[in-house]
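Engineer: Below is a structure I'd like to ask you about.
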Amino acid sequence: MIEARALSSNLFSKRNKALLRELVKTEFKLRYQNSVLGYAWSLLKPLGLFGVLYIVFTKIFRFGDAIPHFPVYLLLGIILWTFFLEATAGALMSIVARGDLIRKISFPKYIIVISGTISALINLLLSLSVVLIFAIFNGVDFGPQALLAPFLVLELYLFALGVGLILSALYVNFRDLSHIWDVVMQAAFYAVPIIYPLQFVIDASEIAAKIVMLNPIAQIVQDLRFSLVTESAKRTSDVVQLPFSLAPYLIVLVTVTVGAVYFRKKSNFFAEQI
Amino acid sequence: MIKNNREVAIKIDEVSKDFNLPHELNNNLKQRLLHPLKRTSTEKQHALKDVSFEIKKGDFFGIVGRNGSGKSTLLKIIAEIYAPTKGNVTVNGSLTPFIELGVGFNPELTGKENVFLNGAMLGFSKKEMASMYDEIVDFAELEKFMDQKLKNYSSGMQVRLAFSVAIRAKSDILLLDEVLAVGDINFQKKCFDYFRELKREEKTVVFVTHSMYQVKEYCTQALLIDDGKVVLTKDVDDTLDKYLQIMNPKEKNTEKLTKVKTKKKAFKVEDKNITVTESEISLDFKLSGKINRNINFAVGIKDNAMQAALKYNSVLAKHTGYKAVGSNEVNIEIKFMNILVGGTYSVDLSMLDEKSNSIASFEDIASFHIKNSKSNSGNLYGISSIKVT
């Protein structure tokens, strides 16, 4: 029994890999089902968004005149935010939505949360490829710092996964959470320097800028902008000193650990509580 | 039957399961803020109480019990879907739980996509599924439909597809929860064949059902559970007898005439006699009344679910030659072939006019109990002889 449990809780066991693959595939198939353009929408959506942002923020609100390649800078931020929103909001519902499976067959429940976040991650990677194309057209020079990008994407994924694990387990007993999370994410969108340059916050209040940059999402967005768009993007280490500049990484680590432990503890009772 | 030297496949050790049922669903913020103390108002339901038993390798193990007795909870605990509140479950070998067929089936996907998804749920890799795919489609007889969406399948087709995938599972232990309750006769035959094959291969099977016939036919051991407690774990016959007693506590008084509803006083029951043998059920009734027309009557034998098991109607059968005009006494002797499975049955008798309208009816005029079930499907009417004087 102990042996069997250990086997089944290994993500890389044969069964779990097959299950994860099928769940991700199903999610993708269902998302674009019955649409004429199908998978192309994964690319068309960021393209359309880029068109809108380009017009609004370079012709009407000229926030970013001081920042080189501002449209690309902006698009990258929005795409990263969209990923985090999609991954966490999707994860929140995922366990309850899959109640039919959970009540009928025994399998590691975290596969559900992972499959949902991986679908969002695949969308992010498709969107990022669009960003890269625009970056090239915009004349962005990629330096060696571009090599950091994969690690930052991984950090963002882990943070979304940790938050998703906590939210999905909480939502089983506490159904107000979906509305609360909507509001939290609305507020957070403006608390993170996505549509405005960080310099705006620094000019208004240094303290506020420091607090903003302790948020892992702000740190990741700014670091990725630094890595892929322009070295003038302000990073966490530009506004806070060393022990504190590690805070975003610590927050990610704690979130993932707490998420995994809490989810594991609660998951034994999902079948009877959903 | 019991060989103690065989290995144990599943060991259930003092397992209890409690469910916390909230009286009022107060899992939203407003109610928690308004009634902070109220959230503890849950009721503990003890679904299983200190259940212990062992299933040996190669057993075809039946679990019977009434609705709500804890059968399915027990099966879900063995399948690791529920965690026990107390106690331990030890499973020795690989286990496939098809508590239900077609787990994960999605109506928006095609038949083919669903086969792969369902296969993944049962633990197959993509490669294994690809190599089995043709066999699965063949067995389900759905070649032409595999690229259609599942929502366009009939329910029978869906079950066929699900079953074809499910039987590929090659685990040491299989859990079945009344999967045979669905499907047409052809499909049920396939299920029975599969059961026989499992039995021949000496797989360990845990089978939850209401059907005593199925338990009798396939199981080597049976467990009776009632009100969350194990009543009996023994060989099949003893367990089924006990099950019948629980289902019909009044069974000892079977020969007592419980209630006779007489619609009109045209007839009166003077005497009745029931004889049940291995091959025949003989019913004798003696009625008195004013007889001024040809005798027509109907006899029905109902099982304990009030379903007609055997019936005879002289008007519908066009047996209108029973003449007893002038007499004020009628004897009806009717013999049915004993094709009934084990259970308790009750008898209704109605006297009819030529248009099959009831003149007098006697509900539950008598009841009897059949201990041993047999399969016999030759005679549709099940009547071996009728004599009316």
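Engineer: Please verify whether segment B:23-38 includes one or more residues that are open to solvent by 70 Å² or more (accessible area, probe 1.4 Å), more than 30 Å from B:ASP147 (Cα to Cα) and modelled with pLDDT of 90 or more.
Structural biologist: The answer is no, given that none of the residues of segment B:23-38 is open to solvent by 70 Å² or more (accessible area, probe 1.4 Å), more than 30 Å from B:ASP147 (Cα to Cα) and modelled with pLDDT of 90 or more.
Engineer: Let me ask something else. Taking B:SER361 as meeting all but one of (1) in contact (Cβ under 8 Å) with a residue 60 or more places away in the chain; (2) open to solvent by 30 Å² or more (accessible area, probe 1.4 Å), write down the number of the exception.
Structural biologist: Failing condition for B:SER361: (2).
Engineer: Could you check how many residues of segment A:7-66 are open to solvent by less than 50 Å² (accessible area, probe 1.4 Å), touching a residue at least 24 places away in the same chain (Cβ under 8 Å) and of a type in the set (A, V, I, L, M, F, W, C)?
Structural biologist: Residues flagged as open to solvent by less than 50 Å² (accessible area, probe 1.4 Å), touching a residue at least 24 places away in the same chain (Cβ under 8 Å) and of a type in the set (A, V, I, L, M, F, W, C) within segment A:7-66 amount to 9.
Engineer: Among the residues of segment B:341-352, what is the count of those that are modelled with pLDDT under 80 and either of a type in the set (Val, Ile, Thr) or open to solvent by 10 Å² or more (accessible area, probe 1.4 Å) (or both)?
Structural biologist: The first filter runs over segment B:341-352 and keeps only residues modelled with pLDDT under 80, leaving B:341-344.
Filter once more, so that each one left must be either of a type in the set (Val, Ile, Thr) or open to solvent by 10 Å² or more (accessible area, probe 1.4 Å) (or both): B:341-342, B:344.
The total comes to 3.
Engineer: Sort out for me the helices (runs of 4 or more DSSP H) sitting completely within segment A:1-69 that have 2 or more residues that are at pLDDT 80 or above, under 30 Å from B:GLY123 (Cβ atoms) and at the interface with chain B (Cβ under 9 Å from one of its Cβ atoms). Outline the logic, then answer.
Structural biologist: Values: elements: A:2-8, A:14-31, A:41-55.
The helices (runs of 4 or more DSSP H) meeting that bar are A:14-31.
Engineer: Let me ask you something else. Give the residues of segment A:257-274 that are open to solvent by 40 Å² or more (accessible area, probe 1.4 Å), away from chain B (no Cβ under 14 Å) and in contact (Cβ under 8 Å) with a residue 12 or more places away in the chain, sorted by residue number. First the steps, then the outcome.
Structural biologist: Step one: of segment A:257-274, the residues open to solvent by 40 Å² or more (accessible area, probe 1.4 Å) are A:257-258, A:260-262, A:264-265, A:268-269, A:272-274.
From what's left, away from chain B (no Cβ under 14 Å): A:257-258, A:260-262.
Hits for segment A:257-274 are A:THR257, A:VAL258, A:ALA260, A:TYR262.
Engineer: Give me the residue from segment B:111-122 that is open to solvent by 10 Å² or more (accessible area, probe 1.4 Å) and within 9 Å of chain A (Cβ to nearest Cβ) and, out of that set, nearest to B:ASP172 (Cα to Cα).
Structural biologist: Within segment B:111-122, the match that is nearest to B:ASP172 (Cα to Cα) is B:LEU122.
Engineer: A:PHE107 - would you say it is surrounded by 14 or more Cβ atoms within 10 Å (Cβ to Cβ) and out of contact with any strand residue (DSSP E or B) (no Cβ under 6 Å at 6 or more places or on another chain)? Explain how you work it out, then say what you get.
Structural biologist: Numbers: surrounded by 14 or more Cβ atoms within 10 Å (Cβ to Cβ): yes; out of contact with any strand residue (DSSP E or B) (no Cβ under 6 Å at 6 or more places or on another chain): yes.
Answer is yes for this residue.
Engineer: Which of the residues belonging to segment A:182-216 are surrounded by fewer than 19 Cβ atoms within 10 Å (Cβ to Cβ), farther than 22 Å from A:PRO68 by Cα and in contact (Cβ under 8 Å) with a residue 40 or more places away in the chain?
Structural biologist: Once the filter is applied, which keeps residues that are surrounded by fewer than 19 Cβ atoms within 10 Å (Cβ to Cβ), farther than 22 Å from A:PRO68 by Cα and in contact (Cβ under 8 Å) with a residue 40 or more places away in the chain, segment A:182-216 yields A:ASP182, A:MET185, A:PHE189.
Engineer: Scan (1) away from chain B (no Cβ under 14 Å); (2) open to solvent by less than 50 Å² (accessible area, probe 1.4 Å) for the single condition A:ALA169 breaks and write down its number.
Structural biologist: Answer for A:ALA169: the failing condition is (1).
Conditions tested, residue by residue: (1) open to solvent by 50 Å² or more (accessible area, probe 1.4 Å); (2) more than 23 Å from A:ALA18 (Cα to Cα); (3) away from chain B (no Cβ under 14 Å).
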{"position": "A:ILE102", "(1), (2), (3)": "no, no, no"}
{"position": "A:ILE118", "(1), (2), (3)": "no, no, yes"}
{"position": "A:LEU132", "(1), (2), (3)": "yes, yes, yes"}
{"position": "A:LEU147", "(1), (2), (3)": "yes, yes, yes"}
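Engineer: Is it the case that some residue within segment B:163-180 is modelled with pLDDT under 90 and touching an Asp or Glu at 6+ places or on another chain (Cβ under 6 Å)?
Structural biologist: Checking segment B:163-180: not a single residue is modelled with pLDDT under 90 and touching an Asp or Glu at 6+ places or on another chain (Cβ under 6 Å).
Engineer: Could you check segment B:100-109 and list, in sequence order, the residues that are more than 9 Å from chain A (Cβ to nearest Cβ) and touching a strand residue (DSSP E or B) at 6+ places or on another chain (Cβ under 8 Å)? Before the answer, list the steps.
Structural biologist: Initially, segment B:100-109 is screened for residues more than 9 Å from chain A (Cβ to nearest Cβ), giving B:101-102, B:105, B:107.
Listed by number, the list holds a single entry, B:PRO107.
Engineer: If you check B:ASN152 against the conditions, is it over 18 Å from the mean Cα position of the chain (by Cα), polar (S, T, N, Q) and farther than 18 Å from B:THR110 by Cβ? So that I can check it myself, show each step before the final result.
Structural biologist: Details: over 18 Å from the mean Cα position of the chain (by Cα): yes; polar (S, T, N, Q): yes; farther than 18 Å from B:THR110 by Cβ: no.
No, not satisfied.
Engineer: Since B:SER125 meets every condition but one in (1) of a type in the set (Gly, Ala, Ser); (2) in contact with a Ser or Thr (Cβ under 8 Å, 6 or more places away or on another chain); (3) within 8 Å of chain A (Cβ to nearest Cβ), which condition does it not meet?
Structural biologist: Here B:SER125 meets the rest and fails (2).
Engineer: Name, by its number, the condition in (1) in contact (Cβ under 8 Å) with a residue 40 or more places away in the chain; (2) away from chain B (no Cβ under 14 Å) that does not hold for A:ILE112.
Structural biologist: Answer for A:ILE112: the failing condition is (2).
Engineer: Moving to a separate point now. Could you tell me which numbered condition A:ASP238 fails, if it satisfies all but one of (1) under 25 Å from A:LEU165 (Cα atoms); (2) more than 14 Å from chain B (Cβ to nearest Cβ); (3) surrounded by fewer than 16 Cβ atoms within 10 Å (Cβ to Cβ)?
Structural biologist: Condition (1) is where A:ASP238 drops out.
Engineer: Please enumerate the residues belonging to segment B:184-217 that are modelled with pLDDT of 85 or more, over 20 Å from B:ILE136 (Cα atoms) and open to solvent by less than 70 Å² (accessible area, probe 1.4 Å).
Structural biologist: The answer is B:LYS203, B:THR204, B:VAL205, B:VAL206, B:PHE207, B:VAL208.
Engineer: Assess whether B:LYS144 counts as being open to solvent by 60 Å² or more (accessible area, probe 1.4 Å), within 16 Å of A:GLU22 (Cβ to Cβ), of a type outside the set (A, V, I, L, M) and assigned to a helix (DSSP H, G or I).
Structural biologist: Values: open to solvent by 60 Å² or more (accessible area, probe 1.4 Å): yes; within 16 Å of A:GLU22 (Cβ to Cβ): no; of a type outside the set (A, V, I, L, M): yes; assigned to a helix (DSSP H, G or I): yes.
Taking the combined requirement at face value, the residue does not satisfy it.
The values are calculated or read from the model by the stated rules, or taken from the named source; none is laboratory data. Note that the structure is a prediction, hence the values are computed from the model and not measured. No Cβ is skipped: glycine too gets one built from the backbone with ideal geometry, and neighbour counts run over all protein chains shown. Side chains included, ligands, DNA and RNA excluded: accessible areas come from the protein's heavy atoms. Shrake-Rupley method; radii C 1.70, N 1.55, O 1.52, S 1.80 Å.
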